[in-house]
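Derivation of every value follows stated rules applied to the coordinates shown; laboratory data play no part. If you're wondering where the values come from, they're calculated on a predicted model, not measured in any experiment. Cβ sites come from the backbone with ideal geometry, for glycine too, and all protein chains shown count toward neighbours.
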Amino acid sequence: AEYMGIHREDQHISCLVLRLVRFVIVVVIIMSAAEFKALPQEEKDRLFNLVCEKVKELQLEAVQVEYASFDSAVRFEQYFAIEGEVPQTEREKLEDLKQYLATLNLEWCCRACLLYNAGDMAPRVDVVDVATGETVPLFGGSRDGKVLFIDFWATWCGPCQGPMQHNQEILLKKKEQWKDKATIVAVSVNDDKEEVKVWLTENESTELDHVWADGGWNSACARSYGIQGVPTCWLVDKEGKLVKKGHPSEFDIEQMIDDLLASDGLFDASKVIIDTESEEEEDDHHHSHGETAAVVSDKPKWQDLDPSVRQTVMAEARALMETPVLKMNAQLSETFKKRFTMKDGQTATRNVRIDGRVPVDQQDAIREVVQKLMNVASDIASRAGYIVKPSAPTVGQTCSLCNSALAEEAVKYVCAMCMEGGTVCAACFGQVETTSHKEHAFFKLGNPSQKLDDTLRFGPGNLSIHQHGTGCHHEEARDSQGRVIHHGVFCDGCRGPMVGVRYKCANCSDTDFCETCESTNVHLNAESHDPKHVLFIVPSNLQIDNIKPITFSA
């Protein structure tokens, strides 16, 4: 008010007006992804075109704008994303773009960020101290002047759990040597700080400096650091210069921090390794892992078909997939994507594809669906495959361990790796680790309506099980209670990371439950999960491998 030359007696009125205006602006600019999804198609296209024009006007070569939708029999998803790493020299352009997005109510979808190379100063942002709830500078307080290893993570992230435990072990080992010189900061991108506090009560992570990025994925912290996935790590020297960023597996934390401290905690630019691989070589590398080229055909592409034809063919194809086995094991989906880059301008693609793994005796049925689509379009993508599935294990009438009779309604466990003689009663199941069934997986049958039939997705012959550390991408990681952490797996009941015994639905396409949710029957109320489905029990020291689908040719 003083700056505007308003008299003191009028300042309180002016302040109230300014606060009201600011409140109205805040209310206006808040729009969620769900609200965008509900907009009419014409409005979505209008917003997309406006953003593309702005990016073109600002000459932001590194920014791409994407609007996509995914429509299947199971769900419909839609997103609007602005991504890319913008050079530091174009900082002002990126800020102009963000301000423009705010006027369109689209600032929530911008994940474009500045490109940080080794030697650049890391962003200065505020975070929330998990213990005190106070807002503090990421590089301030007890962290000021220290070498920092910053680990962006989330409590629900399975792959984050192992690195977090490793961070704790490193600090227990090095805390005296690194005292007042270096530390590890865990920055949570959870939506709620309380989730982090709960996790801390259940896990031993006493040595790490725990802070929270207020706002999660959309926080100023996550956006400034360009966090688009977790875990992601930054190593910075004592002046705040970036040394390296990437996945935790790319860091030898202990050695790298020791090397920095040997140089008085300062980054040595002469040691930076420059990647000289050309864009052409990189493109060739990506192409070598891409999909097989489409078969030459005189038929039009899917996106060039008349909308009414696409709608009719999709309806006919979905009708063919209404059998219980195909409905449970395969998925037909249509995707639509509009994209803008400075290099290619605006492009729009629409295609349809089939995914899934079906029993080998259903291959003719899935081929019929594929052929239905190939009859009208030349670019149909079939990623469906089949799995060789022998007959299901025999359910015995007596327990193979104690020979007691098993009533039809009794809870029983059937070994998934023994075709015969593998039925165990509930009383004996707790001792299977001391029998010939050691390290075997089991089906749990809890009522007469649950059957071992051809709708099972997992069983003898169509899964691969191995111990952690033997051909597995991750070494075994355990929580503070000694339970094995199943990397990248979450419970569909409590939404928490999967630890200990894993219950995987043998009928659903991708449904898992933790031991607590299974024992309290939470799984019976889970979305899309039928109580008649059979649960497949994966012991805590074993892990299921993904099965590569076999692609059908034309």
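Here are the numbers for this structure:
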{"quantity": "Cβ-Cβ FRET estimate between GLU42 and GLU194, R0 fixed at 35 Å, reported to 0.05", "calculated": "0.30"}
{"quantity": "Cα centroid of the range 80-131 to Cα centroid of the range 175-242, whole Å", "calculated": "19"}
{"quantity": "Spin-label zone in the range 227-246 - amide nitrogen under 20 Å from a point set 7 Å from the Cα of LEU266 along the C-beta vector", "calculated": "235-244"}
{"quantity": "Inter-centroid distance (Cα atoms) of the range 324-359 relative to the range 391-410, Å", "calculated": "44"}
{"quantity": "Förster-model FRET efficiency, 30 Å R0, GLU207 and SER404, C-beta, rounded to 0.05", "calculated": "0.05"}
{"quantity": "Spatially proximal lysines relative to LYS245 (Cα-Cα < 22 Å; intrachain offsets below 8 disregarded)", "calculated": "LYS146, LYS174, LYS181, LYS271"}
{"quantity": "Extension gain (nm, one decimal) between ASP144 and ALA34, 0.36 nm per residue minus Cα-Cα", "calculated": "35.6 nm"}
{"quantity": "Potential lengthening between VAL395 and ARG75 on full extension [0.36 nm per residue; Cα-Cα distance subtracted]", "calculated": "111.7 nm"}
{"quantity": "Local electrostatic count at ALA220 - Lys and Arg +1, Asp and Glu -1, tallied over other residues with Cβ under 10 Å", "calculated": "-1"}
{"quantity": "Computed FRET value (nearest 0.05) for ASN375 with GLN481, which takes r as the C-beta separation and R₀ as 51 Å", "calculated": "0.35"}
{"quantity": "HN-Hα J in Hz across the range 204-209 - Karplus 6.51, -1.76, 1.60, θ = phi - 60°, x for Gly and Pro", "calculated": "7, 9, 6, 8, 6, 8"}
{"quantity": "Violating pairs (Cα-Cα greater than 22 angstrom) within the set LYS37/LYS327; LYS54/LYS338; LYS37/LYS338; LYS451/LYS504; LYS44/LYS337; LYS54/LYS241", "calculated": "LYS37/LYS327; LYS54/LYS241"}
